[in-house]
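One structure is given here, and the rest of the page talks about it.
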Amino acid sequence: DQQVKQNSPSLSVQEGRISILNCDYTNSMFDYFLWYKKYPAEGPTFLISISSIKDKNEDGRFTVFLNKSAKHLSLHIVPSQPGDSAVYFCAASAVPGGSEKLVFGKGMKLTVNP
Amino acid sequence: EPEVTQTPSHQVTQMGQEVILRCVPISNHLYFYWYRQILGQKVEFLVSFYNNEISEKSEIFDDQFSVERPDGSNFTLKIRSTKLEDSAMYFCASSLIAGVTDTQYFGPGTRLTVL
């Protein structure tokens with residue numbers, strides 16, 4: 001039951017370039033989307049979120065885009081830095097549907113090469 | 001910056017034994033969660049807890065699992081009789097409120113190994 005899908009397991013980019021991480025979802029009840037970053041031996045760290053009433057949210061080098069009609073969101077990191085190398089998880093929730101839980105994708109490993 | 005803490009970082013136990021995983025959520029948070037990640041798989045929701053009772057649980061959270069907030073700071077996950085397939089990273093999370101603008105903050109995890 002893959003309600004949140006991150007179809008690419010890994011991405012490698014050069015320092016200074018743009019990283020684009022993609023996520024698709026199937027549950028139309030999802031209305032809040034988050035990106036988490038995870039380093040080895042640590043818990044997921046919140047990065048950025050977006051509500052379904054928006055199509056874009058920006059925080060410094062990180063921008064999340066939401067396309068509700070396509071049930072697709074993406075995370076852009078510009079410029080990418082070596083410290084951004086981590087596993088990135090897309091997550092979604094459907095709070096107005098009565099659920100507080102986060103549904104995670106499988107994650108994507110980003111490697112930023114110096 | 002306030003953070004969620006978890007103890008122990010690694011727990012090894014024999015199949016059939018009881019384990020208790022401990023978490024200290026961020027102090028002013030009101031909602032508490034447990035998630036787990038089996039090696040190589042995605043992070044999965046187990047249970048959410050608010051106002052001293054379970055508010056939501058997944059199908060994974062069967063009668064072998066229980067949660068408790070024994071005092072004003074700790075939040076625990078008990079597995080009554082561990083199975084080999086319970087081996088995973090267990091993450092505790094907390095949030096101030098549950099809502100479209102809220103964020104869940106995760107602890108570093110406890111790696112549970114069942115032998």
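The values are calculated or read from the model by the stated rules, or taken from the named source; none is laboratory data. Keep in mind it's a predicted model, so treat the numbers as computed, not measured. Note that each Cβ is placed from the backbone with ideal geometry, even for glycine, and that neighbours are counted across all protein chains shown. These area figures cover heavy atoms from the full protein model, side chains too; ligands, DNA and RNA do not enter into them. Shrake-Rupley method; radii C 1.70, N 1.55, O 1.52, S 1.80 Å.
Worth a mention:
- GNM top mover of B:Lys78, B:Lys57, B:Lys42 - chain B, alpha-carbon springs below 10 Å: B:Lys42
- Each Lys or Arg adds one and each Asp or Glu subtracts one; over the other residues with Cβ under 10 Å from the Cβ of A:Asn7, this totals +1.
- Only Lys, Arg (+1) and Asp, Glu (-1) charged, at Cβ; chain B dipole about Cα centre in debye: 260 debye
- Long-range Cα-Cα pairs in segment B:19-95 (distance over 16 Å), rounded percent: 45 percent
- Multiplying the residue separation of B:Thr113 and B:Ser27 by 0.36 nm and subtracting their alpha-carbon distance yields 28.1 nm.
- Taking all protein chains as they are arranged and a probe of 1.4 Å, the heavy atoms of B:Glu3 leave approximately 130 Å² accessible to solvent.
- The B and A chains share an interface that buries close to 1800 Å² of accessible area, total over both sides, probe 1.4 Å.
- Neighbour-limited loop hits for chymotrypsin sites (Phe, Trp or Tyr not before Pro), segment A:46-114 (at most 13 other Cβ within 10 Å; DSSP other than H, G, I, E, B): none
- Members of segment B:35-56 that become less accessible by 40 Å² or more once partner protein chains are added (1.4 angstrom probe, chain alone as reference): B:Lys42, B:Val43, B:Glu56
- Comparing the full protein assembly with the isolated chain (1.4 Å probe, heavy atoms, ligands and nucleic acids excluded), the residues of segment A:58-105 losing at least 40 square angstrom of accessible area are A:Val95, A:Glu100, A:Lys101, A:Leu102, A:Phe104.
- The label-point distance for B:Asn51 and B:Leu39, in a model that sets each label 7 Å from Cα toward Cβ, rounds to 4.2 nm.
- With the charge dipole of segment A:4-113 set up from +1 on Lys and Arg Cβ and -1 on Asp and Glu Cβ about the Cα centre, the Cα lying farthest toward the positive end among the listed residues A:Ile18, A:Thr45, A:Val103 is that of A:Val103.
- Cα-projected label distance for A:Asp59 with B:Gln14, points at 7 Å along beta-carbon direction, nm: 4.6 nm
- Inverting the pair-averaged 1/r between distinct Cα atoms of segment A:4-113 gives 13.9 Å as its Kirkwood hydrodynamic radius.
- Within the listed set A:Asp84, A:Asp24, A:Asp59, the Gaussian network model of chain A (springs between alpha-carbon atoms below 10 Å) gives the highest mean-square fluctuation for A:Asp59.
- Per residue of B:103-114, other chain Cβ atoms within 10 Å of the residue Cβ number 4 on average.
- Per-atom-type breakdown for chain B gives carbon and sulfur 48% of the accessible area (1.4 Å probe, protein chains only).
- Normalised per residue, the accessible area of chain B is 50 Å², obtained with a 1.4 Å probe and no contribution from ligands, DNA or RNA.
- Within the accessible area of segment A:4-113 (1.4 Å probe), percent carbon and sulfur: 49 percent
- Most mobile of B:Gly72, B:Gly16, B:Gly40 in a GNM of chain B (Cα contacts under 10 Å): B:Gly40
- Computing FRET efficiency as 1/(1 + (r/R0)^6) for B:Asp63 and B:Thr5, where r is the C-beta to C-beta distance and R0 is 35 Å, gives about 0.80.
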